[in-house]
1. List pairs: first residue in the range 775-786 and under 7 Å from residue 764 (Cα atoms) and in a loop (DSSP other than H, G, I, E, B), second residue open to solvent by 40 Å² or more (accessible area, probe 1.4 Å) and of a type in the set (A, V, I, L, M, F, W, C) anywhere in the structure, Cβ distance under 9 angstrom, at least six positions apart or on different chains.
2. Please determine, by comparing only the residues of the range 498-508 that are outside any strand (DSSP E or B) and at pLDDT below 95, which one is most open to solvent (accessible area, probe 1.4 Å).
3. For the structure I just gave you, tell me whether residue 547 is surrounded by fewer than 21 Cβ atoms within 10 Å (Cβ to Cβ) and in contact with a Lys or Arg (Cβ under 6 Å, 6 or more places away or on another chain).
4. Among the residues of the range 582-602, are any free of Cβ contacts under 8 Å to residues at least 60 places away in the same chain, in a strand (DSSP E or B) and open to solvent by less than 20 Å² (accessible area, probe 1.4 Å)?
5. Looking at the range 100-113, can you tell me whether even one residue there is part of a strand (DSSP E or B) and among the basic types (Lys, Arg)?
6. Does residue 606 meet the test of being surrounded by 13 or more Cβ atoms within 10 Å (Cβ to Cβ) and over 42 Å from the mean Cα position of the chain (by Cα)?
7. Would you confirm, using the coordinates I've provided, whether residue 771 is outside any helix (DSSP H, G or I), of a type in the set (Ser, Thr, Tyr), within 27 Å of residue 673 (Cα to Cα) and without any contact (Cβ under 8 Å) to a residue 40 or more places away in the chain?
8. I want to confirm something. Restricting to the range 158-209 and keeping residues that are assigned to a loop (DSSP other than H, G, I, E, B) and within 22 Å of residue 220 (Cα to Cα), which single residue is least open to solvent (accessible area, probe 1.4 Å)?
Amino acid sequence: MKIKSLPSSKLRRVADPRRLKFQTTDELPVVDHIFGQPRAVRAIDFGIGVQGPGFNVFVTGSSGTGRMSTVARFLKKHAATRPTPNDWVYVHHFSDPLRPRAMSLPPGRAKRFKQDMLAVMNRLKKDLPAALDADEYQQAAARVARQADDERAKLFEQLAALLKPKGFLLGRSDQGFFVAAEGKDGQPITAKKLAALPIEKQEALAKLQPEMDDALNTTLRSARSIDQAARERLHELDRQTAARVIAPTLDELIGRYRAESAEAAEYLLEVQRDILEHIDEFRSKSEARSDGAASDQADGPDPMIRFEVNVIVDHSRTQGVPVIVETNPTFMNLIGRIERDLRFGDQVLDFTMLRPGALHRANGGYLIMRAQDVMKDANAWEVLKRALSSQQIEIEDPGTQFQMFSTRTLESEPVPLNVKVILMGSHQAYYDVYEQDEDFHQLFKVRADFASAMARLPKNERAYAKFIRARCAEQQLPPFEAGAVAQIIEYGSRLAEDQTKLSTRFGAVTDLILEAAYWADSNYHLSVTADDVRQALKEAHYRSSLAEEETRQQITNGTLSIQTSGAVVGQINGLSVVEIGEYEFGQPSRISVRTYVGRNGVISIEREAHLSGRIYNKGVLILEGYLGGQYAADRPLTLAASISFEQNYSDVDGDSATSAELYALLSSLANLPIKQSIAVTGAVDQRGHVMPVGGVQYKIEGFFDVCQARGLTGDQGVLIPVTNIKHLMLREDIVEACKKKRFHIWAVNTIDEGLELLTGMRAGRRSSRGTFPKDTVHGRVQARLKSIADQLDARDKDNRDEKKQVRKHDNGDSDHI
């Protein structure tokens, strides 16, 4: 049965622009949602909708599907419909300065509150010193001072009156007041004069001295009480004066914020109490207190800083809830940081040094991150888990829990956390963290799996068009004509490597849209045409294909030995895919097989040289399974064969060359040449069924380019599995060459079909006796295997006879002796 090559209609599924029913994408509405991911959309909708701890979302999928930007756009659209969360600020904690107070305010009020506090303090710093400098205040303070002076003077007059009759007087020195005996000159008697007095007089004075000292001490205590009372009256005067200044300013502010935030109103009351307790900080630096207390502050940190407001989260420009994409989720970028400053040689540490993290900014909304980014920093991953588990954010220094010695730092009040975290990662990353981290499944209960492709249905082709329309609106690109959209739809199937699917790698599709728009502009087109898209694809291929061209040149100049004509026994052209970054291209490789008499079985030189992977090794073992099932039904399989990828100097893996190796092996056993104009790809099972492989379109294109470089003869082509036909989205030039019968694509279901095409001889069917016709491939292979077995049996018989003769000779010699 002769196998016919595939018609050109099977080699590429063409998109008909007429079925799109528009001239340009400008006729389409601008919609921006997640295309082709119904399962993922439902999962994300569920994750962001369900309330309860741990319902965060882990989005899995292949890279290049545009998950990050797509999910961000989806969430922003959803976020706009939800109420905006509160702002957050940190303020001074008057009772515990090292534990700043976290305070929430209605959305958009944090900056206004900061401005209001700044205006109030600027006004008070001007009005309070003025009030304390006013004549009314100074007169009242002077009255308090005079009253205290009068009361002190009266006390000392009374003390002097008590001392005089006793022969004592009140003296004053640099060290303070003292009581001493009075001399005749009215001055304190000296020690020399005291010693000259009669003994009786000395004894009398000495006896009275303790009583006089007690009287002095009592008077001094009373004087201090007068001074303390004066200070209290002055302080009360300060409070009353300040209160008259503060009340009109702060009372109005307290009333305004009481309706919006009870926390803010309570804080303002604390500010008012603190100001009244620290009036001296508001005195002008030139002012000296009447009681002698200095009013100017020592050089150092500004004490007024405690009245500032540190805005941590400001939603004045937020519509709905925030959607934050954190590209560098380190420990401090997640939960914030504590900055430090040096002022006057001393480290300043206060609540104004607190800075927010991504969790603060996303609080009340959504935080999107790449899993690999957050997990590469163990501290960041742990602090994220701790925040999600405790449902609060606390700014802390990194590594605080690991320090051997405690250091002075801030312990900010935690902020309640209500956020949905969306992690982006590969399937393997999800499985790895699920297995290794016992907390993970409790914190990320929802998995949204992004498919790499969607069915190529009319509605999804139109979805591609809408996606293009959205990108044009977003990037301000010219409209795409229906023919250009059709080209991008075909490119989507090519990316998916399947005629029945469209790729959801929208990152790559977006790149093509942008590049096609560039070439349309370069070609002075008002809209993007199909030719512009083709040019974009051609240019992108040219930019990336240097390695492919160098390999092809090595083949065409004979450095790499690949035959594309003639026929050779035990030799075939296999096909592989080379990946360099995101660029893939097909490359033919010469596979050779030698068979000979022996019992070593099938030996892969790549395997023996440790250049093969496990899947490739499995494929070699499958070959032995096929040979055993096909030819050793009634006798042991006896052969020795070696298989090699010629001129291969790197690792090989995969099973896509298994059918090619089997064809070459059977060719060598049957001594039948294989057409070198045909390259082969396909896996095989133990029963000889040819199975699909990946990258088939790149493999075909790689061999076509080599044949084209040498000149197409009409005999060249590629043999693929039938099940790979739907994966063909070949280049248009290859489709055209096949249409003109200058190149061919054949598809087979079984090894037998491939054998007949490659050798030109019937494969042969096994008879009821288990034999194959002699003039068939299998018949020739069976005969060769029988010949090998017979030769080995004869050799074994000769060896046995020789050993018997040796033993007989040895036994005879022994008897003679």
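1. Hits for this filter: 776/761.
2. Applying the first criterion (outside any strand (DSSP E or B)) to the range 498-508 yields 498-500, 504-508.
Right, trim to at pLDDT below 95 and you get 504-508.
Details: 504: 1, 505: 73, 506: 14, 507: 27, 508: 21 Å².
The qualifying residue most open to solvent (accessible area, probe 1.4 Å) is 505.
3. Values: surrounded by fewer than 21 Cβ atoms within 10 Å (Cβ to Cβ): yes; in contact with a Lys or Arg (Cβ under 6 Å, 6 or more places away or on another chain): no.
For residue 547, the condition - surrounded by fewer than 21 Cβ atoms within 10 Å (Cβ to Cβ) and in contact with a Lys or Arg (Cβ under 6 Å, 6 or more places away or on another chain) - is not met.
4. Scanning the range 582-602, I find at least one residue that is free of Cβ contacts under 8 Å to residues at least 60 places away in the same chain, in a strand (DSSP E or B) and open to solvent by less than 20 Å² (accessible area, probe 1.4 Å), so the answer is yes.
5. Checked the range 100-113: at least one residue is part of a strand (DSSP E or B) and among the basic types (Lys, Arg).
6. Numbers: surrounded by 13 or more Cβ atoms within 10 Å (Cβ to Cβ): yes; over 42 Å from the mean Cα position of the chain (by Cα): no.
When the stated conditions are applied, residue 606 does not pass them.
7. Details: outside any helix (DSSP H, G or I): yes; of a type in the set (Ser, Thr, Tyr): yes; within 27 Å of residue 673 (Cα to Cα): yes; without any contact (Cβ under 8 Å) to a residue 40 or more places away in the chain: yes.
Criteria met by residue 771.
8. In the first step, residues of the range 158-209 are kept if they are assigned to a loop (DSSP other than H, G, I, E, B); the result is 167, 174-175, 183-187, 189-190, 197-198.
Still in the running and within 22 Å of residue 220 (Cα to Cα): 167, 174-175, 187.
Numbers: 167: 26, 174: 155, 175: 168, 187: 103 Å².
Ranking the qualifying residues of the range 158-209, first place goes to 167.
The values are calculated or read from the model by the stated rules, or taken from the named source; none is laboratory data. Since the structure is predicted, the reported quantities are computational estimates derived from the model, not experimental observations. Here the Cβ is made from the backbone with ideal geometry for all residues, glycine too, and neighbour counts use every protein chain on show. We work out accessible area using only protein heavy atoms, side chains counted, and drop any ligands, DNA or RNA first. Shrake-Rupley method; radii C 1.70, N 1.55, O 1.52, S 1.80 Å.
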